[in-house]
Each structure stands twice: as structure tokens, then as C-alpha cells.
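My questions all concern the structure below.
The values are calculated or read from the model by the stated rules, or taken from the named source; none is laboratory data. Source: prediction; values computed, not measured. Glycine also receives a Cβ, built like all others from the backbone with ideal geometry; neighbour counts cover every protein chain displayed.
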Amino acid sequence: MEIKAIKENYLKQKESVINSKEVNELRINFLGKKGIVNELMSKLKTLSSEEKIEFAKEVNLIKQFISEDIEQLMSDIKKRELNERLAKEAIDLTLPGRDYKSKNKHPLNLVIDEISEICIGMGYKVEEGPEVELDQFNFEMLNLPKDHPARDMQDTFYIDGRTLLRTHTSPVQARVMLKSEGKPIKIICPGKVYRRDDDPTHSHQFMQIEGLVIDENVTLADLKGTLAYIIRSLFGEKREIRFRNSYFPFTEPSVEVDVSCFNCDSKGCSLCKQTGWIEVLGAGMVHPNVLTMAGYDTNKYQGFAFGMGVDRIAMLKYGIDDIRHLYSNDLRFLNQFGGNK
Ligand code: PHE
């Protein structure tokens, strides 16, 4: 085939090429090892040496022309293919996003926020502590040494010999005391706690808010006044409050505080076990052993502590008849709190 004819052939074939795959085929057809241009070379041996030089020159020119042209063609086609793909795969940014089904705060968070606000108003700071806690803080430093019988009441979830899921928020007392290095403290700590419990008023995971005040001249009267203020702020004057003697290894004296039953207005029902009262918190004056272990001078400092069940308070406030509703994630339940804002 004449060189001129090759060029015409190439230009003609090129016209029908529509995608990058076909450009490659065109390249192989003309420039491949067994392609049309290489085949020209076999003609060389039939030529005289002058003719050879002239012929080789022309072959190189056509080779160069075709390879440059194919390169250009390839880059044009790739560009076009990319634009086509971008147009096809385009995302419509004006489509509305997925709507969240519930926008209300969880009733437990509503209660935590409300109690936090009441306490912050009295000058308390909010602290946090780990849920996977050391035996040292959950028990030892709260005057609950190994084999103390009061540990049985909080038989719980151990991770290993020295770590467990905390059974109350009280370990935060010990942590904050150590951190405060003998100085006054006024904190609350909301958080999750874990125990082996499961009935309409107890769950294996529930929430507490711990309170701790350490200073000079802190008395039981301060504790009573504080708790009465918190509970009346939460429930109003209508609910009655009862203080009972109690026992906690980390407080002395210890009290338990009951609120009159919301379900039956203290007439007696299954929820309050016919007593008319529901226990909402434990409290007391910080035990001197606890203060001493954390490096406080008991001649100078006293303190009080309290721990309240957030779940119970939520149940009281919102008339929830089963604690398990709080953890079942049912939107029909959750949407009843605060409306769909
Ligand atoms: N930690 C106790 C409990 O979970 C409650 C409590 C806290 C009692 C602080 C006294 C002082 O039962």
C-alpha cells in the first residue's frame, strides 16, 4: 500500500471511531507490531539504498503523523467521556435530606438538664466520671473494703478482678476529692450506673445524679435544706417529702428520701408497693473515713453527699408507669415529650 493511501485510509477509519476502546483498536491497527505502518518496513529490502533513505523518511513521517493524531484523538474522546459520565452521575443537591424522626430530648435528659440547672443556680459545678470504674473508687475509697457485706446489695457486672461497671455515681466523689487536694468542693455528677435489677421500677442500667459538698461548717441542716429545695423545685409544693434513717458505708449519718407516690396520690398502689411513698434518693454526711482516705482534714472539713435516681424522678414527673419505656427507644413514647419542635 502506498504511503499516501495509508494516510487516507487512516483518516477514513478515524471518522467512525466513537470511544476510547475504538481509538485503541485504531492505534493497534496502524502502529501495532503487526500494524499497517510496520508492514511497510518489509518493503525496504526490495529497494535500492537511495530509495531506502527516501522511503524510510516518509514512513517515519506518516508514523509520527498518525501517533500524534491518535494521541490528540484519545485525549478529546476521554474528555468527552468524562463529561458524559459526570452529567449522568450528577447528584441533585436541591433534593431534601432525610428528616430525623424525633427531635425531642429524651425524658432522662430533660430531668438531668432540669436538676443540673437547679444545682448550678446554687453554685454547683458539673463533673463526670467513667462508667467502667475501678473497684478502688466504686468501693474501697467509699469505705467499702473487700468482703464488706454492703457490697452484696450492689452485686454487679465485673470486667475483671479490679474493674467493673460502676454501681452508683459515688465513685466520682472519691475522684473529685483526690483531684481537689484538700480544698472545698461543690459538685454534681449525672451519669449511667449498672446493677443486676429488672422489674417495673428497676433496670440493669439506669441513671443517677450524685451531689457532693465539702467545706468548713457543713451540717445535716444544709443537706436537708438543699434536698428540700431541689425536690420542691422539681415537683412543686404538692408532693410530700419524707426523710428516713438509713445506712450507707460512705455516709454517717445516712438518710433516705422518699416522695409521695404520684400514681395513687399516696393511697397505695402496686408501684409504691402499697406504701404511698417512692424512694428517690440516698444521702448523708460524708463519712470521716472517706474524707481521710481522700486526704481531707476531718477536724477542719465536713461534707454531705446525695445520690438520686434520675429514672424515678422522670417517672414521677411524667407519670411513666414502667422504667423499661425509658430504654425501649419507641418513638410513640419518646414523641410525647416536648412536642415535635
Ligand atoms: N450511692 C448510693 C446508692 O447508689 C446513693 C448515695 C449517694 C447515698 C451519696 C449517700 C450519699 O444507693
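Would you check which residues across region 168-187 are away from the ligand (no atom under 11 Å from the Cβ) and touching a residue at least 60 places away in the same chain (Cβ under 8 Å) and list them?
The answer is Ala174, Met177, Leu178, Glu181, Gly182, Pro184, Ile185, Lys186, Ile187.
Among the residues of region 85-108, is there at least one that is surrounded by 12 or more Cβ atoms within 10 Å (Cβ to Cβ) and touching a strand residue (DSSP E or B) at 6+ places or on another chain (Cβ under 9 Å)?
Within region 85-108, one or more residues are surrounded by 12 or more Cβ atoms within 10 Å (Cβ to Cβ) and touching a strand residue (DSSP E or B) at 6+ places or on another chain (Cβ under 9 Å).
Within region 292-324, restricting attention to residues that are surrounded by fewer than 19 Cβ atoms within 10 Å (Cβ to Cβ) and in a helix (DSSP H, G or I), which residue is farthest from the ligand (Cβ to nearest atom)?
Tyr318
Within region 254-310, can you find the residues that are under 20 Å from Val213 (Cβ atoms), of a type in the set (Val, Ile, Thr) and modelled with pLDDT of 90 or more?
Taking region 254-310 first, the residues under 20 Å from Val213 (Cβ atoms) are 254-257, 280-310.
Subset that is of a type in the set (Val, Ile, Thr): 255, 257, 280, 286, 290, 292, 298, 310.
Selection gives Val255, Val257, Val286, Val290, Thr292, Thr298, Val310.
Something else now. Step by step: first the residues of region 33-57, then only those that are surrounded by 15 or more Cβ atoms within 10 Å (Cβ to Cβ) and not β-branched (Val, Ile, Thr), then the one that is farthest from Arg80 (Cα to Cα). Which residue is that?
Phe55
Here is a yes/no grid of residues against (1) charged (D, E, K, R); (2) touching a residue at least 60 places away in the same chain (Cβ under 8 Å); (3) not assigned by TED's automatic domain parsing to the domain that holds Ala228:
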residue	(1), (2), (3)
Tyr10	no, no, yes
Ser20	no, yes, yes
Ser75	no, no, yes
Lys78	yes, no, yes
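Return a yes/no flag: does region 75-84 have any residue that is surrounded by 10 or more Cβ atoms within 10 Å (Cβ to Cβ) and closer than 30 Å to Phe333 by Cα.
No, because not a single residue in region 75-84 is surrounded by 10 or more Cβ atoms within 10 Å (Cβ to Cβ) and closer than 30 Å to Phe333 by Cα.
Is there a residue in region 189-206 that is more than 16 Å from the ligand (Cβ to nearest atom) and surrounded by 15 or more Cβ atoms within 10 Å (Cβ to Cβ)? Lay out the reasoning, then the answer.
Initially, region 189-206 is screened for residues more than 16 Å from the ligand (Cβ to nearest atom), giving 198-200.
With the extra rule that they be surrounded by 15 or more Cβ atoms within 10 Å (Cβ to Cβ), the set shrinks to none.
Within region 189-206 (the criterion being more than 16 Å from the ligand (Cβ to nearest atom) and surrounded by 15 or more Cβ atoms within 10 Å (Cβ to Cβ)), the answer is no, since none of the residues qualifies.
Show the residue pairs that are 6+ apart or on different chains and have beta-carbon atoms under 8 Å apart, the first residue being within region 292-307 and without any contact (Cβ under 8 Å) to a residue 40 or more places away in the chain, the second being within 14 Å of the ligand (Cβ to nearest atom) and not hydroxyl-bearing (Ser, Thr, Tyr).
If the second residue must be within 14 Å of the ligand (Cβ to nearest atom) and not hydroxyl-bearing (Ser, Thr, Tyr), the pairs left are Thr298/Leu291.
Working only within region 39-52, note down all residues that are closer than 16 Å to Glu2 by Cβ and not aliphatic (A, V, I, L, M).
Within region 39-52, Glu39, Ser42, Lys43, Thr46, Glu51 meet the criteria.
Taking the residues in region 195-242 that are hydrophobic (A, V, I, L, M, F, W, C) and modelled with pLDDT under 90 as candidates, determine which candidate is nearest to Thr292 (Cα to Cα).
Taking the candidates together, the pick is Ala228.
Testing Gly268 on (1) assigned to a loop (DSSP other than H, G, I, E, B); (2) under 27 Å from Phe139 (Cα atoms); (3) small (Gly, Ala, Ser), one condition comes back false. Which one is that?
Gly268 satisfies every listed condition except (2).
Would you confirm whether or not region 118-129 contains a residue that is within 24 Å of the chain's Cα centre (by Cα), more than 15 Å from the ligand (Cβ to nearest atom) and in a loop (DSSP other than H, G, I, E, B)?
yes
Is it the case that Glu114 is within 17 Å of Pro249 (Cβ to Cβ), surrounded by 13 or more Cβ atoms within 10 Å (Cβ to Cβ) and not hydrophobic (A, V, I, L, M, F, W, C)?
no
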